[in-house]
Amino acid sequence: MYAIDDQLIDRARVGDDYLQPLLAAFHRSPRRRPRCLCSASETGGVDMYVARIGGRYVLKRMPGTGPHHAPACSSYTPPAELTGLAALLGTAIREQPSTGLTRLTLSFPLTRNSSRRRSESTDLAPDSGSADVDGNRLTLRALLHFLWDEAGFVRWVPAMAGRRNWPAIRRHILLATQTKTTRSRELPELLWLPEPFTLAQKADIAARRTAAFAPLLGPGKHRELMLALGEVKDIAPARFGRHKLLIKHAPDCPFMIEPDTLTHLRRTFATELALRQGIPDSKLIALLTFGVTAAGVAIADRIALMSVSTDWIPFESVFEHTLISALVGHGRRFTKSLRYNQPVTSPLASLVLTDTDPPTACYLTTGATSGPPALTDANLPLKQWIWNTSVDPIPAIPTTVSHTRRTGPARTPSPRENAQEAPDQAPTQEAPPCPTPSPHPTDHSTNTPCTRISANTTS
Ligand SMILES: [Zn+2]
């Protein structure tokens, strides 16, 4: 439910014919704020703003207000301090509600001097988010996390099960880029994602890809680069000492990898490569910068990797995969935290359960990492759940509460949710018993003490 001027708008009952002119008027007067009524507040809701994306007017949350929405609201986000995002907001990521644009500052180049030797360049600066990276710029990995976050694939509700696939991932990431810009170019101009492959469309798809890559073929020593994002099919030996990165849905478009790039990739993303080998149903997502030679060969310049589960939820260890699998299997709701530029030693929340009251920040610690930081904002209550994976079996996972009891009637699809999360409206149902996950993906024998949980799927 929204308050727009003096009207109460139930998004589920109001069509675009009525809503779009209303939002257009707000877009022309950016100082006026629609409000989301998902949670009670002294000001009567949480301020929103109107952005124009793909020719449509859409409601977006104001920067920094995600935690003030009710956990069941699609505009809810956990406090940025629980993720790697906080360190980048206002510096590498500047949201501008007055224009609806988000300006990104990148730490990696989008041109390449063809005469430069990589070993002499700064290209080998890690994209792994090591502690010495510039906090005011997005590494390639941080940009991948940002896109995944903005496209809404960090948020999980049970009704999403079985509904995520490459066409949906591609569509929502492209939507997420619509309002993003870098210092030199608009992000939609820079980013290529393979079209879903069909044999019947093979020639047309290849022709569109050639057209998309055409700007990279200009003359001169400084080659323009683009970004490509896709699911890794394989990294395989090619002829003459090179390797090639094969992306699913683009089998006829290998990205050649120079030996030093491969060495860097194996060193920086050894964990992700090992997880893909060790967890058969996981996937490996790559974001790379690449150029195209005058002969039309695509050459990878830098590559960042991210592990995702079979449901396309990011994870960074076997333990985290075990926790996520258990939560998905037992119909829980949560938002995954992403690391962005932060090193693995930073005590970030793994995920936040949004079906507990209050939400629960879940931390996975080891003997080598410090415990979670103290929560600083008393107005944003959070419980903590900590699993020391080096010594303890998984503790009992907090049980759920009904969202209908806490959040009232409000629930309004975000722009990305309109298409992505329609199945979120699942009927109320009795949830299965509390998870009894194992710390090992193939071992489900560990019993976890828990109580039966209640329904949580209405919103
Ligand atoms: Zn809300």
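The values are calculated or read from the model by the stated rules, or taken from the named source; none is laboratory data. The shown structure was predicted, so the numbers you read here are calculated from the model rather than taken from an experiment. Using ideal geometry, Cβ is built from the backbone for each residue, glycine included, and neighbour counts are taken over all protein chains shown. Just the protein is used for accessible areas: all its heavy atoms, side chains included, with ligands, DNA and RNA removed. Shrake-Rupley method; radii C 1.70, N 1.55, O 1.52, S 1.80 Å.
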Handout entry: the stretch 141-156 and the stretch 45-71: distance between their alpha carbon centers, rounded to Å
Key = 17
Problem - Rg ratio (alpha-carbon, reference 2.2 N^0.38 Å) - the stretch 2-70 - result: 1.06
Problem - When each of LYS336/LYS383; LYS248/LYS336; LYS60/LYS248; LYS180/LYS383 is checked by Cα-Cα distance, pairs over 27 Å - result: LYS60/LYS248; LYS180/LYS383
Fill in the blank from the handout: So, relative contact order of the stretch 2-70 in percent, Cα under 8 Å, 6 or more apart, is 27
Fill in the blank from the handout: PRO314 neighbourhood, Cβ < 15 Å, K/R = +1, D/E = -1, net charge -1
Problem - Per-residue SASA entry for LYS244, accessible area with 1.4 Å probe, Å² rounded to 10 - result: 70
Completion exercise
Summed over the other residues with a beta carbon less than 12 angstrom from that of ARG170, with K and R at +1 and D and E at -1, the charge totals +1
Exercise for the section: Among the lysines, select those whose C-alpha is under 27 Å from the C-alpha of LYS244, and discard any that sit fewer than 8 residues away in the same chain. Expected result: LYS202, LYS221, LYS233, LYS283
Exercise for the section: Show HIS68, HIS264 ordered by accessible area, largest first, where the area counts protein heavy atoms only and the probe is 1.4 Å. Expected result: HIS68, HIS264
Exercise for the section: Extending each Cα 7 Å along its Cβ direction at ASN136 and ASP234, get the distance between those two points in nm, one decimal. Expected result: 4.5
Exercise for the section: Kindly write out, for the stretch 2-9 in residue order, the coupling ³J(HN,Hα) from the Karplus curve 6.51 cos²θ - 1.76 cosθ + 1.60 (θ = phi - 60°), rounded to whole Hz, with x marking Gly and Pro. Expected result: 10, 9, 10, 6, 9, 9, 9, 10
Handout entry: Per DSSP, loop GluC sites (Glu not before Pro) in the stretch 1-105 with at most 10 further Cβ within 10 Å
Key = GLU42
Completion exercise
Here Rg/Rh (Cα, Kirkwood) for the stretch 260-387 equals 1.06
Completion exercise
For the stretch 2-70, whose charge dipole is built from +1 on Lys and Arg Cβ atoms and -1 on Asp and Glu Cβ atoms, the candidate among MET62, TYR2, LEU19 with its Cα farthest towards the positive end is MET62
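Mind checking the dipole of the stretch 1-105: about its Cα centre, +1 per Lys or Arg Cβ, -1 per Asp or Glu Cβ, Debye to the nearest 20?
Values: 13 positive and 9 negative charges, 73 e Å.
Here the stretch 1-105 has a charge dipole of around 340 debye.
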